Amino acid sequence: MFENLGNRLQDILEKLRRESKLTEAQVKAAMREIRMALLEADVNFGVARDFVARVSEKAVGAEVLGSLTAGQQVVKLVHDELIETLGGKAQQPTLKNEGNVIFMVGLQGAGKTTSTGKLAKFYKEKGRRVLLVAADTQRPAARDQLRVLGTQVGVPVLEVANGETPEQTRARVQEFQRGDFRDLIIVDTAGRLQIDEGLMDALSDLKTAMQPTETLLVVDAMTGQEALNVAKTFDERIGLSGLIITKMDGDARGGAALSARFVTGKPIYFAGTSEKLTGLEPFYPDRVAGRILG
Ligand code: GDP
């Protein structure tokens, strides 16, 4: 991922780096090239436009142009702006001592169930007592998949029965808690190939019953800009607190990952980096920017 974009940006910046003193025209030309490179990597139009506008403004405003290290300074501005675009400082879900409920939502195939298993492993290794709730009643295979993941990780999985109401699910979780207290509950919900009203209503009812402390949207990096329209709809209907971007190990151009923060306004908490349970990493904007710019 980011390979083409990385190569393009590195070429543009290498030319700039060599320049001492820059004219406004040179900066403008470089910014046009950067904007093209971002758009070709499927970065959202507004994100690409604002990106170069901010860098240009700072380059001119800070009186960088006439200085002997102008090229290097503009390269640094691009680097810093990339970190900002990816979300600035790394952020993680907020967890209290107990009473934590993470609600996982997303379209079918995005990697929701896999990411639920990965999160269980991640937090178990941090000393959390995790309970998984398999609430995907649309796809019975998803419950089987989560049961297998739960066994592999070594955490219990409570399966929602067909036809069970959200209130019944909540009552069963409470009953489970009386016998075996858990401080973090992760709920894997139903996905569809496309958003529909029925799905949103069902998710909304379950969310009301489960009272999550974090609601995470699982976004497939391979699906590009469309994934971000989906994110906006989920946020409007369900309310999101953060994102997990999966399949960062694939050959996606990277536009969805780069645009996600600005388009949705939500932090990217984690990146999925393989199909395996170990393939989940906290998302560090500075490291990702470093990888892109080489
Ligand atoms: P769900 O329908 O959203 O629950 O999706 P699944 O969790 O079943 O995942 C769909 C497919 O994507 C499966 O084949 C997963 O192994 C794969 N997958 C999920 N996350 C990642 C990831 O980060 N990297 C890669 N390469 N594959 C992933």
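Does the range 120-140 hold any residues that are of a type in the set (A, V, I, L, M) and touching a Ser or Thr at 6+ places or on another chain (Cβ under 9 Å), and which are they?
First pass over the range 120-140, keeping only residues of a type in the set (A, V, I, L, M): 120, 130-135.
Selection gives Leu132, Val133, Ala134, Ala135.
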Check: Do we find that Leu82 is aliphatic (A, V, I, L, M) and under 20 Å from the mean Cα position of the chain (by Cα) in this structure?
Finding: yes
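Tell me which residues, restricted to the range 83-110, are within 13 Å of the ligand (Cβ to nearest atom) and either assigned to a strand (DSSP E or B) or buried (at least 24 other Cβ atoms within 10 Å of the Cβ) (or both). Can you show your working first?
Our first condition is that a residue be within 13 Å of the ligand (Cβ to nearest atom); within the range 83-110, this holds for 104-110.
Across the range 83-110, the qualifying residues are Met104, Val105, Gly106, Ala110.
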Notebook entry, point to check: Can you name every residue in the range 163-191 that is in contact with a Phe, Trp or Tyr (Cβ under 8 Å, 6 or more places away or on another chain), within 16 Å of the ligand (Cβ to nearest atom) and either more than 16 Å from Arg128 (Cβ to Cβ) or open to solvent by 20 Å² or more (accessible area, probe 1.4 Å) (or both)?
Noted result: Thr189
Note to self: All but one of (1) within 24 Å of the chain's Cα centre (by Cα); (2) assigned to a helix (DSSP H, G or I); (3) at pLDDT below 95; (4) of a type in the set (D, E, K, R) hold for Lys121; state the number of the condition that does not hold.
What the structure shows: (3)
Next item on the list: Those residues that are under 30 Å from Thr169 (Cα atoms) and in contact with an Asp or Glu (Cβ under 7 Å, 6 or more places away or on another chain), I need them from the range 71-93; list them, please.
Entry: Pro93
Item checked: Single condition Phe283 does not satisfy, out of (1) touching a Lys or Arg at 6+ places or on another chain (Cβ under 7 Å); (2) crowded, with 23+ Cβ neighbours inside 10 Å -> (1)
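Any idea which of Leu65, Leu38, Leu22 is under 25 Å from Arg261 (Cβ atoms) and of a type outside the set (Ser, Thr, Tyr)? Full working, then the answer.
On the way: Leu65 fails: under 25 Å from Arg261 (Cβ atoms); Leu22 fails: under 25 Å from Arg261 (Cβ atoms).
Every option except Leu38 fails the conditions.
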Check: Which ones in the range 38-53 are free of Cβ contacts under 8 Å to residues at least 24 places away in the same chain and open to solvent by 10 Å² or more (accessible area, probe 1.4 Å)?
Finding: Leu39, Phe45, Arg49, Val52, Ala53
Margin query: I'd like to check something: does the range 36-43 contain any residue that is over 29 Å from Ala227 (Cβ atoms), among the β-branched types (Val, Ile, Thr) and at pLDDT below 95?
Written below: no
Note to self: Being farther than 30 Å from Asp50 by Cβ and either more than 16 Å from the ligand (Cβ to nearest atom) or in a helix (DSSP H, G or I) (or both) is the requirement here; does Asp144 meet it?
What the structure shows: yes
Notebook entry, point to check: How many residues are among the polar types (S, T, N, Q) and touching a helix residue (DSSP H, G or I) at 6+ places or on another chain (Cβ under 8 Å) if we restrict to the range 94-124?
Noted result: 3
Next item on the list: Keeping to the range 195-206, report how many residues are closer than 16 Å to Asp136 by Cβ and open to solvent by 50 Å² or more (accessible area, probe 1.4 Å).
Entry: 5
Check: For residues in the range 54-73 being free of Cβ contacts under 8 Å to residues at least 40 places away in the same chain and in a loop (DSSP other than H, G, I, E, B), which is nearest to the chain's Cα centre (by Cα)?
Finding: Ala62
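Rundown of residues vs (1) in contact (Cβ under 8 Å) with a residue 12 or more places away in the chain; (2) open to solvent by less than 10 Å² (accessible area, probe 1.4 Å), yes/no style:
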| position | (1), (2) |
| --- | --- |
| Met248 | yes, no |
| Arg253 | yes, no |
| Ala260 | yes, yes |
| Thr264 | yes, no |
| Thr273 | yes, no |
| Arg287 | no, no |
| Leu293 | yes, no |
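The values are calculated or read from the model by the stated rules, or taken from the named source; none is laboratory data. In this text, all values refer to a predicted model and were calculated from it rather than measured experimentally. Here the Cβ is made from the backbone with ideal geometry for all residues, glycine too, and neighbour counts use every protein chain on show. The area values use the complete protein model at the heavy-atom level, side chains included, leaving out ligands, DNA and RNA. Shrake-Rupley method; radii C 1.70, N 1.55, O 1.52, S 1.80 Å.
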